[in-house]
Amino acid sequence: MAKKEGLGEVSDQSRFEKVFSDSGSVDRFRNAVIAWFKEEGREYPWRNTTDPYAILVSELMLQQTRIATVLERDYFGRWMRRFPDVHALARAKEEEILKAWEGLGYYNRARNLQKAAQKVVEKGKGDFPDSIEEMESLPGVGRYTAGAVFSFAYDRRAPIVDGNVIRVFARLFGYEEAVDLPVAGKLMWKWADLLTPEAHVRAYNSGIMELGQRLCVRGTPECSACPVQEFCQAHSRGITEQLPRKKGKVKVTLKQESVGLFIKNGEILLEEESGARRKGLWKLPVVTKSESEDWEELFRLPYAITRYRVEMTVFRAPPNSREREGCTKWYPLSGGESLPPLGSPYRKAILKYLDIRDDLMMNR
Ligand code: SF4
């Protein structure tokens, strides 16, 4: 029987009942998602564990990074080998943590992970919270992450809503309004709450997310393989490609950045980043236009960060260029462990330089 308590608070109650009208339809929907996941769900390293710490690590890693990236470079496996539990992470140095996170970006996620581990060690002697509210009080853990850890680790009932679930729900309910408005967010959480089962929550939550990730994709979804097609409003109305709708895209701002490769005696000069978010990370020294006017331009590397599209130009600093002021330090030039934690674009620039160094020498 469909769980309907609380429906009176839903601003768009009729929309829910239009999809789940007859008794048992909610159960049919849940069972279809669970069965599909059991049959088709992908194997990921974080799905082979019920350790809440490991699940929290994977969730924070996946917050702004694609699954393929996390898997290809074994970020999750390497992190778990280096910091196998909350105790190991709680006592690690910030530099070690940033180095292990290098390449994933949004480094506050790594700092929050450590703060969360420290709180779990201090308050729970290493045991994770037993309630959603306490879980949400951990640094960096919002409603989605708390629900994910709770349901994936303990298989206990907790609704979750992420970008994939929003896409599925927008189409399932034929929601034609913008999904990036607070009112839509509230509705999505309400629908998630009404649809999340009491049992097999791990499989249901994993399934509804994976459905959005693999079948109910942006653009043209694969409705022919969808286990919940019979419920889908967008499919029956032929508007799947028009949903979900968004109010507006974030405006991208273009920026220019010039950096210098200062190399001497097999060492490279790096500069420590400033600002709370970038603290502990290093970069190639920024150079001014007038300073680099006569320097050799080596290559350009575009990159994106938050709402900026940056065109980074990498110059070779001449051997006699002036000493840098500020927090700089010489490091052995390599692409590996001898370097401190570096922001991705700067690490890529160093690797690219190492790659073309011999050609550059020959052409001089
Ligand atoms: Fe998404 Fe198509 Fe399934 Fe509807 S039928 S939920 S649009 S994949």
Scan the range 313-334 residue by residue and report those that are among the hydrophobic types (A, V, I, L, M, F, W, C) and part of a strand (DSSP E or B). VAL314, PHE315, TRP330
Counting only residues in the range 264-288 that are more than 15 Å from SER338 (Cα to Cα) and β-branched (Val, Ile, Thr), the one nearest to the chain's Cα centre (by Cα) is identified as VAL286
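Determine whether the range 344-352 contains at least one residue that is assigned to a helix (DSSP H, G or I), among the charged types (D, E, K, R) and more than 18 Å from LEU98 (Cβ to Cβ).
Restricting attention to the range 344-352, the residues satisfying the condition of being assigned to a helix (DSSP H, G or I) are 344-352.
Filter again for among the charged types (D, E, K, R), leaving 347-348, 352.
Still in the running and more than 18 Å from LEU98 (Cβ to Cβ): 352.
There is at least one residue in the range 344-352 that is assigned to a helix (DSSP H, G or I), among the charged types (D, E, K, R) and more than 18 Å from LEU98 (Cβ to Cβ).
Which residue out of ALA158, ALA117 is touching a Phe, Trp or Tyr at 6+ places or on another chain (Cβ under 8 Å), surrounded by 21 or more Cβ atoms within 10 Å (Cβ to Cβ) and part of a loop (DSSP other than H, G, I, E, B)?
Working: ALA117 fails: part of a loop (DSSP other than H, G, I, E, B).
Selected residue: ALA158, the only one of ALA158, ALA117 that is touching a Phe, Trp or Tyr at 6+ places or on another chain (Cβ under 8 Å), surrounded by 21 or more Cβ atoms within 10 Å (Cβ to Cβ) and part of a loop (DSSP other than H, G, I, E, B).
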Which pairs have Cβ atoms under 8 Å, sit 6 or more apart or on different chains, and link a residue in the range 149-177 that is within 14 Å of LEU195 (Cβ to Cβ) to one that is within 12 Å of the ligand (Cβ to nearest atom) and among the basic types (Lys, Arg)? none
Residue count, the range 120-138, condition within 14 Å of TYR53 (Cα to Cα) and assigned to a loop (DSSP other than H, G, I, E, B), comes to 7
Suppose we filter the range 182-230 for residues that are crowded, with 19+ Cβ neighbours inside 10 Å, within 14 Å of the ligand (Cβ to nearest atom), more than 12 Å from PHE37 (Cβ to Cβ) and free of Cβ contacts under 8 Å to residues at least 24 places away in the same chain; how many remain? 1
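To keep it simple, each residue is scored yes or no on (1) more than 20 Å from TYR106 (Cβ to Cβ); (2) touching a residue at least 60 places away in the same chain (Cβ under 8 Å); (3) exposed (fewer than 15 other Cβ atoms within 10 Å of the Cβ).
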| site | (1), (2), (3) |
| --- | --- |
| GLN256 | yes, no, yes |
| LEU270 | yes, yes, no |
| ALA304 | no, no, yes |
| LYS329 | yes, yes, yes |
Failed condition for VAL310, given (1) assigned to a loop (DSSP other than H, G, I, E, B); (2) of a type in the set (Val, Ile, Thr); (3) within 15 Å of GLU273 (Cβ to Cβ): (1)
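Throughout, read-outs are computed from the coordinates displayed, never taken from laboratory work. Owing to the predicted nature of the structure, the values given are computational and were not obtained by experimental measurement. When we count neighbours, we look across all protein chains shown, and the Cβ atoms used for this are built from the backbone with ideal geometry, even at glycine.
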